[in-house]
Amino acid sequence: MQRCLAPTKYVREELALESLGELLPRAVRRVLIAGGETALQVTGERLTAGLRKAGREVAGLVWYGGECSPVNIEKLAAAVRDAGAEMLIGVGGGKALDTAKSAAWVAGVPVVTVPTIAATCAAFTGISIVYNEQGVFQEISRQARMPEMVLVDLATIARAPAVFLIAGIGDTLAKWYELEATARNRGDSAVIRSALQLAAVAREILVLHGEAALEAARFQEVNVPLAEVVDAIIMVSGLVSGLGGDECRTAGAHAVYSGLTCLPETHGRCHGETVAFGILVQLMMENNFAEAEKLIGYYRKLGLPVTFADLGLEHVTSQQLHTVAAGALATEDIQNLPFTVDENMLVQALLAADELGRKSGGTSI
């Protein structure tokens with residue numbers, strides 16, 4: 001068994017950006033900051049000021065390229081080498097942070113992640129999700145550095161559009177449903193049992209505090225529920241991913257997400273929104289309609305998608321559904337389910353999830 005568990009340090013404060021320079025190892029003198037365009041605009045000045053105040057040299061601020069693709073990973077790694085940077089600081093959402101982790105691996109330098117949204121656990125993990133230049137899923141890459149530190153500035157996350165927090169809740173919910181399925185044949189493993197317990201804790205936090213956290217985000221305020229939900233999305237979910245490992249980290253929900261990236265119409269939705277719909281599809285494959293109904297009720301409270309139309313697929317065709325199913329079946333995620341899935345089964349599950357979403361009023365999770 002091999003596990004890449006967690007960053008050395010997780011820091012979450014209301015105003016954390018300026019403290020980064022003081023938290024870095026003393027030996028690090030020259031850093032490069034890379035991230036999304038909006039993220040760099042929002043955080044760049046504060047990060048740079050804090051780093052320089054602590055005696056660090058900032059080699060520059062670089063846009064990561066817009067997709068976590070092999071081309072952008074290589075470009076960013078070259079930028080690190082050309083700048084003579086001793087550390088890469090990744091800033092932004094999941095694709096920016098994944099690009100930074102992979103570029104740091106290629107360049108042979110440590111990486112620090114600074115998530116500006118709480119939409120995934122990407123800031124906390126030692127893997128990267130790689131896409132092609134058109135945004136279609138390619139692979140889960142292990143050629144990514146585990147972050148030395150995760151720095152979460154809660155005020156920055158509170159000011160981000162609430163849709164990202166909604167997506168983070170959807171992505172984190174999947175940890176429980178996917179692990180519960182993948183662990184069925186591995187229930188005697190201490191590591192997997194621990195991952196299951198943590199996944200259950202994350203789910204409980206989301207149910208208890210999700211609505212209050214979203215209310216805070218909509219008013220761009222920081223409160224205890226927001227802090228709890230952000231910790232669940234980034235840190236607790238990241239720990240679940242590390243403990244679960246390749247064989248239990250993901251399953252049907254993420255496979256469906258990957259398959260849906262084959263359709264350009266879905267690219268406007270956040271990763272976690274599509275994963276949330278993928279949970280419903282997985283539950284259809286498991287014939288667990290009662291749990292799906294409960295989730296639909298919760299999704300409607302938060303604004304997560306429950307139908308094809310919610311994903312921008314109002315007029316989805318049979319051919320498109322088979323394209324999605326083929327894409328999902330090509331992933332390693334789908335192999336983690338405790339039963340065999342074929343293309344027809346997956347298409348029927350997609351249709352069943354959409355039908356239930358259209359007809360069900362939902363109950364409560």
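The values are calculated or read from the model by the stated rules, or taken from the named source; none is laboratory data. Computed from a prediction, not measured in an experiment: that's the story for all the values here. Note: ideal-geometry Cβ built from the backbone for every residue, glycine included; neighbour counts use all protein chains shown. When the accessible area is computed, the model is the full protein with side chains, heavy atoms only, and any ligands, DNA or RNA have been set aside. Shrake-Rupley method; radii C 1.70, N 1.55, O 1.52, S 1.80 Å.
Quick look at the numbers
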| item | result |
| --- | --- |
| Unit charges at the beta carbon, dipole of the stretch 116-236: most positive-side option, Val152, Ala122, Asn223 | Ala122 |
| Qualifying GluC sites (Glu not before Pro) in the stretch 256-314, DSSP loop, other Cβ atoms within 10 Å at most 14 | Glu314 |
| Kirkwood-based shape ratio for the chain, expressed as Rg/Rh from alpha carbons | 0.97 |
| Dipole in debye (nearest 20) - the stretch 290-365, about Cα centre, beta carbon charges: Lys, Arg +1; Asp, Glu -1 | 380 debye |
| Mean Cα-pair separation over length for the stretch 238-365, i.e. relative contact order, pairs under 8 Å, 6 or more apart, % | 37 percent |
| Antiparallel content of DSSP bridges confined to the chain, in %, to 5 | 15 percent |
| Computed [θ] at 222 nm, helices only, for the chain once each DSSP H run of length n ≥ 4 contributes -39500 (n - 2.57) | -17000 deg cm²/dmol |
| Semi-axis lengths (Å, descending) of the ellipsoid that matches the C-alpha gyration tensor of the stretch 261-325 | 20, 15, 9 |
| Among Val191, Gly66, Pro110 - extreme Cα towards positive end, dipole of the chain, charges at beta-carbon | Pro110 |
| Candidate residues Trp105, Trp176: accessible-area rank, largest first, probe 1.4 Å | Trp105, Trp176 |
| Percent RCO, i.e. relative contact order, over the chain, from Cα pairs under 8 Å lying at least 6 residues apart | 16 percent |
| Dipole magnitude of the stretch 209-365, debye to nearest 20 (Cβ charges: Lys/Arg +1, Asp/Glu -1, about Cα centre) | 300 debye |
| Reach of Lys9 by Cα under 15 Å, taken over aspartates and glutamates that are not fewer than 8 positions away in the same chain | Glu22, Glu148, Asp153, Asp231 |
| Point-charge dipole on Cβ atoms (K/R +1, D/E -1) for the chain, about Cα centre, debye to 20 | 920 debye |
| Loop-resident sites, the stretch 1-70, for trypsin sites (Lys or Arg not before Pro), counting at most 11 other Cβ within 10 Å (DSSP) | Arg26 |
| For the stretch 294-365, fraction of C-alpha pairs farther apart than 15 Å, in % | 59 percent |
| Relative contact order for the stretch 300-365, counting Cα pairs under 8 Å that sit 6 or more residues apart, in percent | 40 percent |
| The stretch 286-344 and the stretch 105-177: distance between their alpha carbon centers, rounded to Å | 22 Å |
